[in-house]
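A short write-up of the structure that comes next.
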Amino acid sequence: MKTALKTLSLAAALALAAQATPAHANGIGGASMKASNTADDNCPVYSYGHLTNSCTTTKSFIVALPFSGAAGYRTFTVMAQGATTGDVSCRIAATANTQSGFYSGSWVSLPAAGSVQTLSLGTLFTDTQSSLYLLCNVAQNAKVFSIQWDN
């Protein structure tokens, strides 16, 4: 009887643990981004894993994001900081399997100024053979700290 109760307790604990397991998530630092235009290669300053735009005008930065390769919808967020609202605007994009088209999210701008804020980019569909990218426009002295997405 005691062995049966221990077995049931263990099975119940494992079942609860399996339900409590969070979705597999990915994240990378903003320092993984690079200037979209090679003429702007001197603009990014990389420090402690984040990117700061040192140029006097807004510049575009891009990064390719790895994912599991499974088709489905993924949710994306970016942690950023600027002096004014809108100093950082980002969008997510993924190519179609045929590489002849792409899916993209809308541009989302920094919701507030001063402190580190989250840009919720929403969800985007990826095919099994998609290439996944994040593009951000970053104003002078604005920062991109990290990019997160579910796998």
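In table form, for the structure just shown:
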| quantity | calculated |
| --- | --- |
| Selected residue (only one of 68, 120, 106 is farther than 26 Å from residue 40 by Cβ and outside any strand (DSSP E or B)) | 68 |
| Test: residue in segment 128-142 that is exposed (fewer than 15 other Cβ atoms within 10 Å of the Cβ) and over 15 Å from residue 59 (Cα atoms) | yes |
| Segment 101-120 residues that are closer than 27 Å to residue 131 by Cα, paired with ones that are acidic (Asp, Glu) (beta carbon under 8 Å, 6 or more apart) | 110/87 |
| Selection within segment 94-151 - of a type in the set (A, V, I, L, M) and within 13 Å of the chain's Cα centre (by Cα) | 94, 108, 119, 121, 124, 132, 134, 135, 144, 147 |
| Top-ranked residue in segment 26-75 [being among the aliphatic types (A, V, I, L, M) and either free of Cβ contacts under 8 Å to residues at least 60 places away in the same chain or more than 15 Å from residue 92 (Cβ to Cβ) (or both); ranked as surrounded by the most Cβ atoms within 10 Å (Cβ to Cβ)] | 51 |
| Residues of segment 72-93 satisfying the condition of being under 14 Å from the mean Cα position of the chain (by Cα) and either over 15 Å from residue 53 (Cβ atoms) or outside any strand (DSSP E or B) (or both) | 73, 74, 75, 76, 77, 79, 91, 92, 93 |
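Table: residues versus (1) farther than 17 Å from residue 25 by Cβ; (2) out of contact with any Ser or Thr (no Cβ under 7 Å at 6 or more places or on another chain); (3) at pLDDT below 90.
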| site | (1), (2), (3) |
| --- | --- |
| 55 | yes, yes, no |
| 71 | yes, no, yes |
| 103 | yes, yes, yes |
| 106 | yes, yes, no |
| 118 | no, no, no |
| 124 | no, yes, no |
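The values are calculated or read from the model by the stated rules, or taken from the named source; none is laboratory data. Predicted, not measured: the structure shown is a model, and the values here were computed from it. Positions of Cβ are generated from backbone atoms using ideal geometry, with glycine treated the same way; all protein chains shown enter the neighbour counts.
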